[in-house]
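The block underneath contains the structure these notes are about, expressed in structure tokens.
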Amino acid sequence: WYKDSLSKFKKIKELLDKKDMPNYSVEVHSLKSDAKYFGMNRLAKISLDHELKSKENDTDYVINNFEELEKEFNRVIEIVGKYLKWFNKI
């Protein structure tokens, strides 16, 4: 999950840059599902908001709130990365 998430988030950013809301919604849905599965509730909630707004084609919301999504994603990745390094798994 850790390694795949980094490339998936890069793809999310690329889709945002293209304002490709249909595919953006698919990718943030995947991020939401993974976050929910692992108990990353705040990331799941923010991802859900982005999923719903992108399905409404609300590009303004997505752009204006992307920093929050990115910040939370990076916070989670940092925590998971530290955990995995502690166990020598990455």
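The values are calculated or read from the model by the stated rules, or taken from the named source; none is laboratory data. Keep in mind it's a predicted model, so treat the numbers as computed, not measured. Please note: Cβ atoms are built from the backbone with ideal geometry, for glycine as well, and neighbour counts cover all protein chains shown. All accessible areas refer to the heavy atoms of the entire protein, side chains included, with ligands and DNA or RNA removed. Shrake-Rupley method; radii C 1.70, N 1.55, O 1.52, S 1.80 Å.
What the table below lists for this structure:
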{"read-out": "Index of the failed condition, PHE66 passing every other in (1) under 11 Å from the mean Cα position of the chain (by Cα); (2) open to solvent by 80 Å² or more (accessible area, probe 1.4 Å); (3) of a type in the set (Phe, Trp, Tyr)", "value": "(2)"}
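For (1) open to solvent by 90 Å² or more (accessible area, probe 1.4 Å); (2) under 18 Å from LYS3 (Cβ atoms), each residue gets a yes or a no:
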residue	(1), (2)
MET21	no, no
SER30	no, yes
LEU52	no, no
LYS55	yes, no
ASP58	no, no
TYR61	no, no
LYS71	yes, no
ARG75	yes, yes
